[in-house]
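Take a look at the structure set out below.
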Amino acid sequence: MTDYAEQSRGTYVSMATCCDDGHPPECVIDGNPKTFWSTTGLFPQEIVLTLKDQTRISRVTFSSTGVQKLVVSRARDIQPLEFEKLYDTNLSQITGQMQQDNKVISFEAKHVKFTLQSGWDNFAAVHKISLQ
């Protein structure tokens, strides 16, 4: 399946609530399994991916470490003035292992927002986001 959340497909990070120069938000879509976006403490934290075009998505995969509650929302308009909540999920704490959340869900979006509502510790990391 095509992953629309890749920089090579024209997707970019249009907003993130925090940025660590060593682990910037763009790492979630750079295709490098060794990079990640690191939160800088406190919750909630948000990251918005903007797709090249409005796109039909059928699966969301979110790979992270230390995230407790995740909310996923979408906006269809070119200017993302309002986001519609698609789902929320509670992720299990897996010491020493990456969390993997896979959701089969059908929706159209120009922008997809990921809100890290809470974490298992002060910091969390998002390794990869995939939109298929």
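Structure data summary
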{"read-out": "Environment charge of P33, counting only residues whose C-beta is closer than 15 Å and scoring Lys/Arg +1, Asp/Glu -1", "value": "-2"}
{"read-out": "Computed FRET value (nearest 0.05) for T95 with Q7, which takes r as the C-beta separation and R₀ as 35 Å", "value": "0.65"}
{"read-out": "All-pairs alpha carbon distance profile, the stretch 7-131, 10 Å steps from 0, percent", "value": "13, 49, 33, 4"}
{"read-out": "GluC sites (Glu not before Pro) within the stretch 64-132, DSSP loop, no more than 16 other Cβ atoms inside 10 Å", "value": "E82"}
{"read-out": "Burial ranking of peptide ranges 90-96, 52-58 (average Cβ count within 10 Å, highest at the top)", "value": "52-58, 90-96"}
{"read-out": "Rounded to whole Hz, the Karplus (6.51, -1.76, 1.60) HN-Hα couplings of the stretch 57-69, x for glycine and proline", "value": "10, 10, 8, 10, 10, 10, 10, 8, 9, x, 8, 9, 10"}
{"read-out": "Cα-projected label distance for D30 with D77, points at 7 Å along beta-carbon direction, nm", "value": "3.3"}
{"read-out": "Mean-position separation - Cα centroids, the stretch 25-48 and the stretch 56-132, in angstrom", "value": "11"}
{"read-out": "FRET efficiency for T61 and Q117, using Cβ-Cβ distance with R0 set to 22 Å, rounded to 0.05", "value": "0.75"}
{"read-out": "Normalised contact order of the chain, rounded percent, pairs of Cα under 8 Å and 6 or more residues apart", "value": "36"}
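Readers should treat all values here as calculations from the given coordinates under stated rules, not as data from a laboratory. Computed from a prediction, not measured in an experiment: that's the story for all the values here. All Cβ positions, even for glycine, are placed from backbone atoms using ideal geometry, and neighbour counts span all protein chains on display.
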